[in-house]
Structures are given as structure tokens and as C-alpha cells.
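To start, the structure itself, in C-alpha cells.
Read-outs: derived from the displayed coordinates by stated rules, not from any lab. Note that the coordinates shown come from a computational prediction; the quantities given were computed from them, not determined experimentally. Cβ atoms come from the backbone with ideal geometry, glycine included; neighbour counts cover every protein chain shown.
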Amino acid sequence: MIDPDDPLELQVAKQAKIIQALVSRAGRQNEIGDSGYAAFQSAIALQGEIWAKTRDLERASNELQSLREERKRTQKNLTDALSVMEGGFALFADGRLQLFNELFQTLLPDLSDRIRPGLDVTGYFALLTGSRHLVSGQATLRAAGELARAPLAGSGRLPTPVIELDGDRWFQLSLQSSSSDSLIILLTEITGIVRQNRSEKDTLIDRQADYMQAAFNNMSVGIATFSARGTLRVHNDRFRDLLQIPRHLLQAGTRFAQIVDCVRDTCLADPDQMGGIQRWREVLQNDEAVRERLTHVSGAILDIHLDRMPDRGFLVNITDATLEARTTQLLEQRVRERTSELTEANRRLTEQSRKQARVEEELRLAKETAEAAVSSKTRFLAAASHDLLQPVNAAKLLISTLSDQSRGSAVAGLVERLEGSFNSIETLLHALLDISRLESTGTDLSPSEFCLGPLMRTVIEDQLPMAQKKGVRLDVVPSSLWVRSDQRYLMRSVQNLVVNAIQYTENGRVLVGCRRCGDAVRLEVWDTGIGISLKDQKRVFDEFTRADNVPPGSGMGLGLSIVDRTCRHLGHTVRVRSKPGVGSIFSIEMAVVVAARQDPPRPEATQPATEDGCDGRLVLVIENDPDVLFATVQKLESWGASVFGTRATDEALQIVRDIGIAPDIILADYQLDGTDTGVKAICGVRQTAGVEVPAVLITANRNPELATMAQHHGFSVMTKPVDLTRLRRQIAGVPGQSGTDKSIE
């Protein structure tokens with residue numbers, strides 16, 4: 001019933017009303033009560049409550065009195081504090097002036113009697129703005145009044161306008177709003193601060209002017225300004241020093257034309273340089289700049305620049321360009337000298353280039369001559385290989401026949417020595433031809449993929465007679481690995497290694513086999529021969545080089561050199577391991593490839609080489625060289641074969657027609673007379689006989705195309721001089737007349 005937030009007077013009045021109501025209620029109860037004791041009891045209770053309320057009322061009255069006294073003291077303290085404040089203070093509550101100090105009221109004498117409690121904010125700012133003592137700040141006061149007039153909905157700091165009063169007095173108004181919709185205005189005098197700032201500003205301006213003047217006077221550039229009428233305003237000392245003109249001409253008001261005349265008459269090395277003074281004025285009138293370079297009588301080079309200023313006057317600045325001009329002259333001189341040097345160097349280079357061109361032309365001609373010589377050499381070797389191998393082949397056949405016929409006679413030993421010497425000649429000839437082909441620019445290498453097993457068996461079969469004759473055991477370990485190489489050149493390399501092993505092994509063993517090494521394979525030739533020392537192992541692959549322990553008469557030392565060159569061309573690696581008195585291991589390492597196909601077994605490898613294996617064989621020989629034809633026929637007949645010798649395709653075809661049967665085998669030389677060839681002869685005989693007659697093409701030409709052609713037509717190729725062992729095996733491997741009906745229909 002009593003709100004503790006109400007003022008104390010209001011609380012006391014409410015308590016009095018409550019007490020009165022209780023007393024009245026007690027009186028009514030006494031009137032209507034049935035029992036006197038009950039009424040008495042009620043009166044006692046009511047009296048207790050009245051005494052309690054009376055004590056509360058007295059205590060509240062005392063507290064109210066204390067609060068009133070405290071309020072008076074606080075108001076007196078606030079009044080005393082405001083009176084001693086240096087600035088003016090005012091408090092506006094609900095937009096009305098409530099409290100202020102004396103300075104706030106008396107700051108503007110013409111407004112003192114109008115500043116009273118209850119004055120609203122808008123009225124106060126209107127009074128300030130209209131005061132006759134206000135010198136400046138009206139605009140800022142009006143803006144501050146507009147902001148202060150709005151309801152003080154939020155607390156925060158308002159603008160702080162600065163006003164100037166008469167007597168050079170300055171005050172700052174600070175407006176602060178509070179959360180209770182009150183506005184506080186503080187008037188702070190800042191006259192001392194303003195005057196001090198003004199003094200410091202004037203001092204700074206004066207100093208800056210001094211600094212500017214000092215900088216102006218000490219500039220390295222001469223500067224002078226002229227009015228729109230062309231009269232001198234200001235200049236620095238550098239301007240006079242550069243022009244070296246009298247001081248009296250550099251007084252304020254001197255006309256620009258007078259200065260120009262003085263400079264032209266007394267200061268310039270060439271007075272005609274100033275002939276453009278009229279042009280300068282025209283250029284300046286068009287708001288353009290003037291740039292001139294003059295030479296002073298002292299030797300100095302001066303750059304003069306004239307620029308129009310906003311007030312239609314103009315600025316003249318003069319720069320000493322002597323150092324720059326002399327540097328430019330030196331640079332130009334250096335450029336001329338350098339240009340002359342470069343011209344001379346270019347002349348020498350041109351001359352050198354012409355000489356180099358002549359040398360290059362001579363080298364080109366020499367190269368062409370060398371290439372022509374190499375080409376001529378290649379053509380010569382191609383022709384010589386045929387011309388040399390033809391008689392060698394004939395001689396080999398004749399000597400072999402002579403050897404067979406002289407067995408048991410007195411000349412058998414002589415014929416054997418003759419055959420050995422001839423074999424040495426044949427080996428050397430093959431070596432020289434191989435070296436020439438490897439050195440030529442067009443080495444006829446034809447890499448292909450093949451199995452190493454047949455190649456090794458062929459080498460063993462070819463060299464087995466030589467090994468048996470010497471008493472050396474020759475073995476091979478079969479291999480099914482495939483490689484990519486030139487089959488013919490690789491076979492020649494393996495043959496050279498095997499021949500070397502047999503030659504330098506006495507009553508021992510030679511073994512040929514392959515060893516797998518990851519993705520590569522090493523084809524190795526082992527022997528138990530004399531071995532090679534460590535120092536000789538580094539040079540045995542050089543031409544015409546033999547180990548120190550090799551007996552005299554053991555060859556020219558070309559076999560290993562050919563092996564090394566061939567393998568380098570094929571991309572293979574050749575190695576040797578050896579120990580004197582123990583033996584040697586030569587190896588050729590090459591990459592392994594996946595087997596693409598299986599070669600059919602070689603016919604000559606399946607047939608044994610017997611002395612009478614050729615008996616009854618009908619052999620057709622086509623050879624245009626009479627000596628070779630005679631030697632071949634003699635040798636084949638000594639083997640027991642029936643031989644028909646012809647010199648051309650036509651003769652061969654006529655023989656086949658005459659005898660009425662197909663031969664057992666055809667031996668045809670590739671290069672016949674004219675356009676006739678052994679291939680043509682083989683194909684013609686087969687067509688005439690109506691039978692795919694086995695054939696061997698014998699040639700001194702080692703062109704890889706022949707191997708391709710032979711594979712296409714189904715015949716084999718043998719190179720001259722013919723390996724008689726292989727030839728005999730080839731003939732013995734074909735069936736004789738008794739095995740097949742070969743009559744011509």
C-alpha cells in the first residue's frame with residue numbers, strides 16, 4: 001500500500017490515512033460486538049498497532065528532516081563549487097535552464113539580465129548569436145543550437161564551437177548530453193592558447209620566410225621573376241653570379257629588356273645568340289616555354305628557361321650546363337673514337353670473315369674431295385671384293401681339289417702348306433674388307449631380331465674341322481634367348497673370337513655359351529689357352545696388336561679389332577678376362593628382346609658332314625667366270641656329285657630341258673654377265689623344272705638386300721670365298737634322285 005520509492009511526505013500522509021482507517025474500524029467493532037471482552041481485546045490490539053505506526057511515522061519524519069538538511073548542504077556545496085569554477089557552467093533539464101554559475105551569466109554583459117532559470121536552450125543560443133559583444137563564431141553557434149534543440153534522446157558529446165568576443169577574447173563551448181535528458185554547457189576561455197598559437201604561427205611564418213629566402217639565395221640555379229609588364233620583382237644572388245651583370249640592373253622595377261641588352265652586349269661570346277629576344281616574347285605570350293643555351297664570355301655554358309606564371313608574369317631560371325656540355329662533348333668525342341675503332345674492327349672482322357669464308361670453302365672442297373675419295377674407295381672395295389674374291393674362290397676350290405687328289409703322294413705336304421698359306425691370305429683379306437666396310441660412312445648394318453642358338457651352332461659347325469685338326473675340344477651350350485643385332489656381323493664377331501680361342505689353345509677346350517644378366521645377355525667364349533696379361537688386355541683390341549706371349553707368325557692382330565669396331569657400331573659391349581697360362585673369357589653383351597617367332601631348323605645343321613654325302617647328287621652350277629666354274633666343277637666331282645656347269649641362265653635352262661629332270665640343287669653366282677643374275681637363273685630353272693629346287697646363291701656381294709631376297713624366294717646365300725665344309729653339308733642335305741621323282745613333264 002505504501003510505495004517505498006515515494007517521497008517521505010507522501011509516505012507519512014499515507015500512513016496517517018491508514019491509522020485513521022484502523023481507528024474507525026475498531027470503533028465500529030465496539031458498537032456491534034456481542035462480547036465486552038472481545039471488544040476490549042480488539043482495543044488492546046489496535047492500540048499496539050497504533051503505537052507501532054506512530055513510531056514508524058516519527059522515524060520517517062526524522063529521516064525526512066535529515067534528507068532536507070543534506071539537500072541544503074549539497075546545494076550549498078554545488079553553488080560554492082560553481083562559483084569558484086574558472087569557466088562558465090550551466091545545466092539544462094528538460095530543455096530549460098536549471099542551474100548556472102556567475103561567469104555563465106555575466107560573460108556577455110548585454111545578456112546578464114536575460115539569463116535566468118527556465119530559459120530554454122534555443123533561446124540561449126539565439127541570445128548568444130545576437131550579442132553585440134560577439135565578434136565571430138555565429139555560424140558555428142547556430143549549428144550547435146540546432147543540434148542542442150533536438151530532444152536529448154541519447155547521451156554523447158555535441159559540437160564544441162569556438163567564439164571570439166570583443167577585446168580579442170576567445171571561448172570554447174562544450175556541450176555534453178546525459179542519460180537523464182539533461183544538457184550541460186561549459187564555457188572555457190582559450191584566449192591564451194589562441195594568442196600563443198597565433199604568435200607561434202607568426203614566428204613559424206617568419207622563419208619559413210627566412211628559410212625560403214636563404215634557400216632561394218643559395219640555390220645552384222639562378223632565378224628571377226618578372227611582372228606582366230616585364231619588370232623585375234625578385235632574384236637570387238646566383239642569377240647575378242651566372243650572368244655577371246652589374247648590381248644596379250638587378251633592382252626591383254628594372255625592365256627585362258634592359259637586362260637582355262646588357263647580357264647581349266657584354267656577357268656573351270657571340271652576341272648573335274640573343275637575336276631571338278623578340279621571339280621569346282612571342283613564345284611567352286602563347287603560354288609556351290622558352291629553352292635556350294648560351295655561351296658566356298667566361299666560357300661557361302648557360303641554359304636559360306623562361307616559363308609563364310599564373311599572373312601573366314614570367315619566371316627566368318639559369319643553369320650552369322658547362323660540366324654537362326663538356327661531358328657531352330667528351331662523350332661525343334669518345335663515341336666518334338669508339339665508332340672509328342668499331343669501324344676498323346668491323347673492317348678487320350669483315351676481312352677475317354672473308355678469309356674464314358675462303359677457308360670454309362676450301363674445307364668444303366676438301367671435304368667433298370675426301371667424301372669423293374671415300375665414295376670412290378667404297379666403290380673400289382665393292383668392285384675389288386668381287387674381283388678379288390672371284391680368283392680367291394677359284395684358287396680355294398682348286399687347292400682343296402689338289403689336296404684331295406694328292407693325299408698319300410710325295411707332294412701332299414707341299415699342298416698342305418700351300419693350303420695353310422692360302423687360308424692365311426683368305427683370313428687377312430676378309431679382315432681387310434671388314435675393316436674397310438666398318439670405316440665407310442655407309443656401313444651396311446641391318447639390325448633384326450633373332451635367336452642366338454642357331455647362330456652359335458653355325459659358328460661351331462664351321463670351326464669344328466679346324467678344332468678337330470688341332471686337337472681342341474669345341475663345345476656349345478644351347479640357348480633360346482633372342483637379341484636385336486646384325487646377324488651377319490655378329491656371327492663374324494663370334495667366329496673371330498672362336499678362331500682366336502682355337503688358335504691360341506693347345507690340347508685344351510673351347511666353350512661357347514650365354515649368360516643372362518638382367519635385361520641383357522653375355523655371349524661368352526671360354527678357352528684354356530695361353531691367356532693374356534693385364535697390361536695386354538687393354539690393347540688387344542687395337543689394330544695390328546698382339547699380346548707379348550703370342551708366338552710369331554700367329555696373324556696380323558686384326559680379328560679382335562674387327563670385333564671391337566663391329567660391336568661399337570651395333571651398340572654392344574666387348575669385355576675380356578684372362579690370366580696367363582690359365583685361359584681367357586671374351587664376351588659380347590647385348591640387350592635381350594622378347595621372342596617374336598621361332599626360326600625353322602637349319603637344314604645344314606641336321607645333316608652330318610660325311611665324305612660320301614654328295615654321291616649321286618645332281619648339281620647345276622651357274623658361274624660366268626671360267627676359272628671359278630672349272631674349280632667348282634672339279635671340287636664337286638671330287639665329292640662324288642654329278643655336275644652340270646653353265647655360264648648363264650639360258651645355258652642352265654637348256655641343260656634342264658635336255659636332261660629332262662630337275663637338278664637336286666642349284667649353285668648360282670649372283671653377278672653374271674650383263675643384266676643376268678643368279679636370282680633370275682634360280683627362278684628360271686625352278687619354273688622350267690616345275691619343282692622348287694633347293695638353291696644356294698654364291699656371291700661376293702654382302703648387301704643385306706640379298707638376304708631379304710633369298711628369304712623371299714626360298715634359297716640360301718653363301719659369300720665368297722665359299723666355306724667348303726658348309727657347302728658340302730648343304731649339298732649332302734638335299735635328297736638325291738632316288739628320293740623324289742624329279743622328271744620334267
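Annotations for the structure displayed:
- Taking C451, C517, C262 and counting other C-beta atoms within 10 Å, the order from fewest to most: C517, C262, C451
- Think of the range 171-226 as having a plus end and a minus end, set by charges on the Cβ of Lys, Arg, Asp and Glu; of L173, Y211, N197, Y211 sits farthest toward the positive end of this dipole.
- With contacts taken as Cα pairs under 8 Å and at least 6 residues apart, the range 109-251 reaches a relative contact order of 12 percent.
- Our estimate of slack between D265 and T106, defined as 0.36 nm per intervening residue step minus the Cα-Cα distance, is 49.6 nm.
- Between N218 and T295, the C-beta separation translates, for a Förster distance of 35 Å, into a calculated FRET efficiency of about 0.85.
- Model label points for A257 and L204, set 7 angstrom from Cα along the Cα-to-Cβ axis, are 4.6 nm apart.
- Karplus 3J(HN,Hα) series, Hz, for the range 109-125 with 6.51 cos²θ - 1.76 cosθ + 1.60 (x for Gly, Pro): x, 6, 10, 4, 6, 9, 8, 9, x, x, 5, 7, 5, 4, x, 4, 5
- The shape of the range 85-195 comes out prolate: with a ≥ b ≥ c from the C-alpha gyration tensor, a/c is at least 1.5 and a/b beats b/c.
- For V582 and D673, the FRET efficiency from 1/(1 + (r/R0)^6), where r spans their Cβ atoms and R0 equals 51 Å, is about 0.35.
- Annotation: amide H-H contacts under 5 Å for L268 (H modelled 1.01 Å from N, sequence separation of 5 or more, or interchain): V297.
- Cross-link pairs beyond the 25 Å C-alpha cut-off, checked among K469/K720; K367/K538; K17/K72; K470/K538; K396/K469: K367/K538; K17/K72; K470/K538
- Cα→Cβ-extended label distance, 7 Å offset, between R338 and E371, nm: 4.4 nm
- D (Stokes-Einstein, µm²/s), Kirkwood Cα radius, the range 612-732, 1.306 mPa s at 10 °C: 112 µm²/s
- Karplus-derived 3J(HN,Hα) values for the range 305-319, using 6.51 cos²θ - 1.76 cosθ + 1.60 with θ = phi - 60°, are 10, 10, 10, 6, 9, x, 8, 6, x, 8, 10, 10, 10, 10, 10 Hz; glycine and proline are entered as x.
- For A520, the residues 5 or more places off, or on other chains, whose built amide H falls under 5 Å of its own are V592.
- Our estimate of slack between R233 and E351, defined as 0.36 nm per intervening residue step minus the Cα-Cα distance, is 35.7 nm.
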